[in-house]
1. Which whole-number percentage describes the relative contact order of segment 138-227, with Cα contacts under 8 Å and a sequence gap of 6 or more?
2. If packing is taken as the mean number of other Cβ atoms within 10 Å per residue, what is the order of 141-150, 92-101, 16-25, highest first?
3. Which number comes out as Rg/Rh for segment 138-227 once both Rg and the Kirkwood Rh are worked out on C-alpha atoms?
4. How much length is gained if the chain between LEU76 and ARG143 is pulled fully straight, taking 0.36 nm per residue apart and subtracting their Cα-Cα distance, in nm to one decimal?
5. Sort 106-114, 213-221 by the packing proxy (mean of other Cβ within 10 Å over each peptide's residues), most packed first.
6. What are the ³J(HN,Hα) couplings of segment 49-64, residue after residue, when phi is run through the Karplus curve with 6.51, -1.76, 1.60 and θ = phi - 60°? Round to Hz, x for glycine and proline.
7. Ranked from highest to lowest mean number of other Cβ atoms within 10 Å per residue, what is the order of the peptides 155-162, 47-54, 59-66, 189-196?
8. Report relative contact order for segment 1-136 in percent, whole number only (criteria: Cα-Cα under 8 Å, sequence separation at least 6).
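Every number in this text was worked out from the coordinates using simple rules, so none of it is lab data. Since this is a predicted model, take the numbers as computed values, not measurements. Cβ atoms come from the backbone with ideal geometry, glycine included; neighbour counts cover every protein chain shown.
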Amino acid sequence: MEKLNLLFTRDGLIYQVLRNKSVLSESSFFVSEEMPEQSISSKLSEILQTKFSSVSVLSALNHFTLMPEGFDRHDLGQDLISFNSPVQPEGEELMLSVNKKYKVQFYYTFPKDLYTLIKQTHIPAQFNFSGEKFLNTISPKGRKEIHINLYNNQCEFFALESRKVVLYNNLDVNSEVDFLYFIMFSLSKIGFGLGETRFFVYGETSENETFISELQKFVKNLKIVFDNLPKRKFLVNS
């Protein structure tokens with residue numbers, strides 16, 4: 001029986017059907033003025049009508065907070081997230097993803113209506129946060145590094161120094177100005193100089209060529225690590 005991968009971004013849903021480790025199909029659904037946001041739940045309901053052996057859910061929604069591994073005041077999770085973005089407790093499910101390699105953990109919320117749709121299928125489901133999964137793909141060299149993962153109208157990035165996480169953030173970006181301000185402002189706050197910092201870009205690089213070319217005007221050490229190819233839009237396939 002096939003497995004299902006789901007990736008939720010700010011304004012869309014990407015889904016894959018897999019058999020063993022082979023991607024049989026992949027499709028994208030994005031919200032537009034003609035297709036209001038509630039269409040994501042409708043699309044998810046349609047997808048879940050097919051019987052799958054398991055579901056892997058990856059959330060790139062930017063309702064999150066980063067904490068050191070071992071923090072156990074889970075009752076404060078939504079309060080901590082609210083410092084980064086508004087939280088509606090009645091409409092959001094609190095989730096936790098732990099990254100033992102880098103000794104950090106993410107509290108994040110996932111829309112309760114989508115969570116309920118997935119859980120009520122009674123198909124084994126595994127949930128994770130995009131930041132945690134992205135962090136597992138990074139192989140730092142021990143210097144000051146910025147690792148950027150690009151989505152449709154969205155990006156997330158890690159700043160690492162001496163193989164330790166200094167900063168993580170996730171932002172909606174609609175223009176090159178937003179993107180550059182996001183990166184440059186963050187660097188100035190953590191004391192990463194442009195000349196001493198290496199940049200690595202992942203994700204939907206082909207669809208974001210203008211963003212990358214603008215960044216290259218300011219950055220010398222930039223490498224595109226992974227460009228999404230057909231049937232590989234997820235950063236790491238399950």
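1. Rounded, it is 29 percent for segment 138-227.
2. By packing density, highest mean first, the sequence is 141-150, 92-101, 16-25.
3. So for segment 138-227, dividing Rg by the Kirkwood Rh gives 0.92.
4. Difference between extended and current length: 20.8 nm.
5. Top to bottom by mean Cβ count within 10 Å: 106-114, 213-221.
6. So the Karplus estimates, Gly and Pro as x, are 5, 7, 7, 10, 6, 7, 10, 10, 10, 10, 9, 10, 5, 8, 10, 7 Hz.
7. Output ranking for 155-162, 47-54, 59-66, 189-196: 59-66, 155-162, 47-54, 189-196.
8. 24 percent
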